[in-house]
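Below is one structure, written out as structure tokens; comments come after it.
The values are calculated or read from the model by the stated rules, or taken from the named source; none is laboratory data. This one's a predicted model, so the numbers in the text were calculated from it and none came from an experiment. Note: ideal-geometry Cβ built from the backbone for every residue, glycine included; neighbour counts use all protein chains shown. With ligands, DNA and RNA removed, areas are computed over all heavy atoms of the protein, side chains included. Shrake-Rupley method; radii C 1.70, N 1.55, O 1.52, S 1.80 Å.
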Amino acid sequence: MALRNIVKKGDECLNKKCRDVTEFNGRLHKLLDDMRDTLIDSNGVGLAAPQVGILRRVVLVMDTNNDDEIIELINPEIIDTDGEQEGPEGCLSVPGVWGIVKRPWWVKVKAQDRNGEWFEVEGDGLTGRCFCHEIDHLSGVLFDSRAERLLTAEEIQAMSAEEEEYEDYEEE
Ligand code: NI
């Protein structure tokens with residue numbers, strides 16, 4: 001298991017446009033494996049390569065509708081969307097900050113897998129939101145620049161209390 005350091009807002013990596021992946025080699029696979037370990041270790045639902053300092057079009061999205069399977073997306077593009085959702089969003093690179101962000105409800109993405117094969121994948125709810133958030137990272141866009149407003153400390157506290165209650169319930 002190899003963890004990579006997650007860069008935080010203020011690091012210039014997070015504001016740059018990433019380049020396409022052109023070589024589907026062992027180096028890419030190592031990056032993907034490390035990003036997977038880092039995502040699981042940090043309890044996130046998605047991670048983009050610029051967040052570990054690599055300016056390439058690579059993201060991971062945890063499909064929370066599907067047993068938390070981690071989807072690897074290389075050179076991803078959003079090709080279709082439907083509906084709308086508005087809700088709280090955060091980012092591992094912007095710790096302690098949550099904002100209300102409007103996203104499509106359903107999102108369809110075209111991407112390459114770790115061997116360069118093109119495929120399509122779709123998701124709704126949190127997974128749809130996550131596709132948008134992670135692909136934004138590849139253009140140097142952070143969620144807080146899209147937020148209608150940021151949550152107050154009280155609202156964040158209430159949200160995490162609710163989450164803990166839910167986790168307690170799950171453990172019973
Ligand atoms: Ni993020």
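For the stretch 90-107, backbone phi angles converted through the Karplus equation (6.51, -1.76, 1.60; θ = phi - 60°) give residue-by-residue couplings of x, 8, 4, 8, 10, x, x, 10, 10, x, 7, 10, 8, 9, x, 6, 10, 9 Hz, Gly and Pro being listed as x. Measuring r between the beta carbons of K102 and A2 and using R0 = 45 Å, the FRET efficiency lands at 0.80.
Derived scalar couplings between HN and Hα for the stretch 59-68 equal 9, 10, 10, 7, 7, 5, 7, 9, 6, 6 Hz in order, rounded to whole Hz, by the Karplus curve 6.51 cos²θ - 1.76 cosθ + 1.60 (θ = phi - 60°), x for Gly and Pro. Our coupling estimate for the stretch 126-138, obtained by passing each phi through the Karplus curve with A = 6.51, B = -1.76, C = 1.60 and θ = phi - 60°, is 4, 5, x, 4, 5, 3, 5, 4, 5, 5, 4, 4, 6 Hz, Gly and Pro reported as x. Atom-type composition of the exposed protein surface of the chain places 45 percent of the accessible area on carbon and sulfur (1.4 angstrom probe).
Applying D = kT/(6 pi eta Rh) to the stretch 71-172, where Rh is the Kirkwood radius over alpha-carbon pairs, T corresponds to 4 °C and eta to 1.567 mPa s, the Stokes-Einstein value obtained is 86 µm²/s. Exposure check, 1.4 Å probe, all protein chains in place: E165 carries approximately 130 Å² of accessible surface. Which value in deg cm²/dmol, rounded to the nearest 500, describes the helix-derived mean residue ellipticity at 222 nm for the chain, given -39,500 (n - 2.57) per DSSP H run of n ≥ 4 and division by the residue count? Computed mean residue ellipticity for the chain: -9000 deg cm²/dmol.
Charge dipole (Cα centre; +1 on Lys/Arg Cβ, -1 on Asp/Glu Cβ; no other charges) of the chain amounts to roughly 1500 debye.
Heavy atoms of the protein chains alone define the surface here; on that basis the stretch 12-171 has 53 Å² accessible area per residue at 1.4 Å probe size.
Amide hydrogen proximity for G140: with H placed 1.01 Å from N in the peptide plane, the residues at 5 or more positions away or on another chain lying under 5 Å are C18. Translational diffusion of the chain, estimated by Stokes-Einstein from the Kirkwood radius over alpha carbon pairs at 37 °C in a medium of 0.692 mPa s, is 198 µm² per second.
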